[in-house]
Structure formats: structure tokens, C-alpha cells
């Protein structure tokens with residue numbers, strides 16, 4: 001079964017700790033994305049990567065870091081510098097940045113992070 | 001202002017039609033999408049429309065695109081309780097040498113039995 005998998009589904013973190021959210025896809029997609037979702041805010045782009053070993057900041061990158069060492073994997077680290085990390089985090093992937101292709105994104109099931 | 005705008009809430013009775021509206025700003029958008037999110041889950045692609053089309057129908061779903069007004073709508077016929085979810089409109093926008101999806105804030109559809 002091809003898809004995109006996020007883990008864990010629920011995550012609790014103490015203030016001041018870093019935590020890493022996992023995202024893996026076996027769709028052979030080039031591009032991967034991390035979004036943050038807060039109630040009434042919709043989806044906000046944190047980081048995205050169009051190719052292995054390269055990534056760009058999205059709209060709200062402060063306090064987050066990512067890596068893209070493998071095509072299949074795009075982990076997100078929420079650092080202690082992120083002042084309000086409690087949110088629902090969604091990972092997505094898409095096939096290509098080719099202009100003529102649809103490039104719709106496929107989403108994981110999300111990770112709910114709570115700071116305690 | 002927001003790049004993609006949607007009303008936040010819509011309530012309909014079971015069996016009625018639902019119409020969810022969206023406006024976008026990037027006139028160069030080539031694809032526009034509708035995603036559905038059920039509680040505690042990720043987003044599921046419902047349908048998409050290419051910018052040179054006015055309408056697309058897929059079973060109970062009808063997408064209308066008014067490119068002049070940059071207005072997109074999703075009509076769900078014979079709305080069922082299982083259609084209760086948040087619906088996101090998204091446009092594909094061009095960044096610095098790449099393409100991204102820009103999402104609206106989502107419309108929460110509540111279906112009254």
C-alpha cells in the first residue's frame with residue numbers, strides 16, 4: 001500500500017525539550033511539506049523540500065528544523081525556541097514541481113503535539 | 001489579506017445541497033483543489049479543477065470555477081451526515097522555482113439529521 005505515514009499520532013512534550021515528528025512516504029514523491037494546523041487558522045506552511053538534501057522555510061519556520069537525507073523521509077524537529085508548539089502537525093508529499101502536472105498533495109494522518 | 005478565503009462555518013439539513021465558496025487571488029493558478037478533513041485526521045483530496053475548465057462533476061460533487069472573479073465553489077448534492085467535516089480550498093501557487101499549495105482556513109460543514 002502506497003502512502004504517507006506520520007508517527008506518533010499523539011505526542012507530549014515538556015517545556016524546554018526538543019521533539020522530533022516522523023514523516024515517511026513510499027509514493028516516490030520528490031516534494032514533501034510540513035504544515036501546522038491551529039483551530040480557525042487553517043494550514044500554515046512550516047518547511048518544504050523539493051529534492052533530497054534541500055529544503056526551504058515556509059511562512060512560520062521559526063522554532064522548527066527539518067532534514068531531508070532520504071527521499072522517503074522528512075522529519076520535523078520542534079525546538080525549545082518554538083514558544084507555542086501545541087498544535088496539530090500535518091506532513092504532505094507531492095509528485096513533482098513540473099508545471100504541467102497536477103501536483104496534488106497527499107497528506108499523512110497528523111501528529112497532535114501537546115506541551116505539558 | 002489572505003490569499004485564499006472561505007467562510008468558516010456552514011450548516012445544512014441532511015438531504016439538502018451544500019455549497020461551499022472560496023475566493024483566491026493568484027490569477028496564474030493552474031490547479032485548484034478541494035480537500036476534506038474529518039476530525040483528528042489528515043486531509044483527503046476530494047477533487048480538483050484545472051484553470052481552463054468552468055465546471056467539473058464527480059458523482060455528488062460539482063466544482064464551479066469563475067476565473068474572472070477568482071471564485072471557486074464546491075456543491076455537495078444530497079448531503080449526508082458522513083459529509084460533516086472541514087473542507088479546504090487550495091490553489092497551486094508559484095514560489096521561487098517551485099510550486100506550493102496555499103490553503104484557505106477551511107469551512108466546517110455541519111449536517112443536521
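What follows is calculated from the coordinates using simple rules that are stated; it is not laboratory data. These numbers were taken from a predicted model, which means no experiment stands behind them. All Cβ positions, glycine included, derive from the backbone under ideal geometry; neighbour counts span all protein chains shown.
For chain A, just say rounded, prolate or oblate: build the C-alpha gyration tensor, square-root its eigenvalues into a ≥ b ≥ c, call rounded for a/c under 1.5, and beyond that prolate if a/b exceeds b/c, oblate if not.
In terms of gyration-tensor shape, prolate.
If you stretched the chain out fully between residue A:69 and residue A:54, how much longer would it get, using 0.36 nm times the residue separation minus the C-alpha to C-alpha distance?
4.5 nm
How high is the FRET efficiency between residue A:79 and residue A:112 when r is their beta carbon distance and R₀ equals 22 Å, given to the nearest 0.05?
For R0 = 22 Å, the calculated efficiency reads 0.75.
Just check the stretch B:28-103 against the gyration tensor rule for me: Cα atoms, a ≥ b ≥ c as the square roots of the eigenvalues, rounded for a/c under 1.5, and otherwise prolate or oblate depending on whether a/b exceeds b/c.
oblate
Nearest 5 percent is fine: what portion of the DSSP beta bridges confined to the protein assembly as shown is antiparallel?
Percentage antiparallel, nearest 5: 90.
Using a Förster radius of 45 Å, what is the FRET efficiency between residue B:7 and residue A:62 based on their Cβ-Cβ separation? Nearest 0.05, please.
That gives a FRET efficiency of 0.90.
Within 10 Å of each Cβ in peptide A:66-79, how many partner chain Cβ atoms are there on average? Round it to a whole number, please.
Taking the mean over all residues of the peptide, I get 0.
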